[in-house]
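Peer 1: The structure under discussion is supplied below as structure tokens; questions concerning it will follow.
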Amino acid sequence: MTKAKLFFTGVFSIVLSITAAAQKQNAYTYKIDSIITASSPIQFNGVVLVAQKGKVHYLKANGYKDFENKIPLRTDDHFEIMSNSKQVTAILILQAAEQGKLNLHTPIKKYLPTLTQTWADIVTVHHLLNHTHGITNLEKPAAFKAGSQFKYGNLSYMMLGEILKNTTGKSFNELAHSLFKKLKMDQTFVYNTKNRLSHVPGYMNENNQFKKVTESFLNDKIAPAAGIISTVQDLAKWDQALFKGKLLSPEFQKLMLTPSTTSQHNVFGKEGMGFGYNVRFIKEAGLDYYAVTGLGDGFTCLNTYFPSTDTTLIILENQMPEKSEYWSFKEAAIKNAVLKAITAK
């Protein structure tokens, strides 16, 4: 084959590759548009971002930040990210472990000496991180033996916030903001009474009638479990840092990205799948990917990362359905559209 033919063959291959990528992007673009604008069976009210290799391919807002005054949402609006906050706490704990300030397999009595229940001598930091601790109340016996079952909740991550304070000498707020600054997540912060008006309000949705949440459950104690405020753009930066190994050493990165128990979530199907330090390990349509969800206080969140194509999908809504059958309904539909496009031949 002549050099000229080789050149044109190479150019043709590149064009085909670019065309195929554009077709996949168009496939999910049109589908997401139809999902977020459809009001049945439930209205979407939030922001969607899809990025690949750090470049934004889709970014749209739909709905209102203020239903009473009909003020539209913007793509850079701030949302409560609910349980997505736990991922930040997990990273801070692992960073403290890297520095020798705590051990993941040491009973938590060492770090929380005021605990009086016998489980404090058995439950480890690891058990708190992956929700296999069995603790339902600090003053009551454990519901099950540590490590034997999975039970999701906020209490263990509230305790991890206290462990961080006792082992590092800094509050969760201080540690988190330092981390955000390093990652240039300039639009991300921890909820407190002073900045509570810096994000969009949450709404409960009943039959597409929206009622503002006036009494948030967020406070300083629950912040390590559900108290971070962010934007879709900043969460895309978080994914790049987390999944590209920029936050932890290889040893601790492996711990973060290795399932240690199982959990089921309807967004990803009816079967239990891997779960670790607030990372879900999903295998769907022949593809392995990571995810984290959040729900509550009038907000619904989904952060999904597909490593095979370096694709991030972030969805933040300031509405939460009253009916549980619609929890994360639109999130699942949008995720499926992106998943279908990625796995298309």
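The values are calculated or read from the model by the stated rules, or taken from the named source; none is laboratory data. Note that this is a predicted model, so its numbers are computed, not measured. Cβ placement follows ideal geometry from the backbone for every residue including glycine, while neighbour counts extend to all protein chains displayed.
Peer 1: Do we find a residue being under 21 Å from Met82 (Cα atoms), touching a strand residue (DSSP E or B) at 6+ places or on another chain (Cβ under 8 Å) and either in contact (Cβ under 8 Å) with a residue 40 or more places away in the chain or among the acidic types (Asp, Glu) (or both) anywhere in the stretch 244-261?
Peer 2: Checked against the condition, which is being under 21 Å from Met82 (Cα atoms), touching a strand residue (DSSP E or B) at 6+ places or on another chain (Cβ under 8 Å) and either in contact (Cβ under 8 Å) with a residue 40 or more places away in the chain or among the acidic types (Asp, Glu) (or both), the stretch 244-261 yields no hits at all.
Peer 1: Look at Phe275 and say whether it is more than 29 Å from Lys211 (Cα to Cα), touching a residue at least 60 places away in the same chain (Cβ under 8 Å) and of a type in the set (Phe, Trp, Tyr).
Peer 2: In short, yes.
Peer 1: Scan the stretch 241-271 for residues that are surrounded by 13 or more Cβ atoms within 10 Å (Cβ to Cβ) and among the small types (Gly, Ala, Ser) and jot them down.
Peer 2: Scanning the stretch 241-271 gives Ala241, Gly245, Ser260, Ser263, Gly269.
Peer 1: Still on this structure: Answer yes or no: is there a residue in the stretch 57-74 that is of a type in the set (Val, Ile, Thr) and outside any strand (DSSP E or B).
Peer 2: No, every residue in the stretch 57-74 fails to be of a type in the set (Val, Ile, Thr) and outside any strand (DSSP E or B).
Let's see how each residue does on (1) modelled with pLDDT of 95 or more; (2) on the phi < 0 side of the Ramachandran plot; (3) surrounded by fewer than 18 Cβ atoms within 10 Å (Cβ to Cβ); (4) of a type in the set (Asp, Glu):
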site	(1), (2), (3), (4)
Glu98	yes, yes, yes, yes
His105	yes, yes, yes, no
Tyr111	yes, yes, no, no
Trp119	yes, yes, no, no
Val123	yes, yes, no, no
His133	yes, yes, no, no
Phe144	yes, yes, yes, no
Gly147	yes, no, yes, no
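Peer 1: Only one residue in Asn208, Asn278 is polar (S, T, N, Q) and out of contact with any helix residue (DSSP H, G or I) (no Cβ under 8 Å at 6 or more places or on another chain), so which one is that?
Peer 2: Asn208
Peer 1: Applying the selection to the stretch 181-213, what residues are free of Cβ contacts under 8 Å to residues at least 24 places away in the same chain and under 20 Å from the mean Cα position of the chain (by Cα)?
Peer 2: Within the stretch 181-213, Lys181, Lys182 qualify.
Peer 1: Could I ask something else about it? Select from the stretch 21-56 the residues that are in a strand (DSSP E or B) and charged (D, E, K, R) and list them in ascending order.
Peer 2: Passing the criteria: only Lys55.
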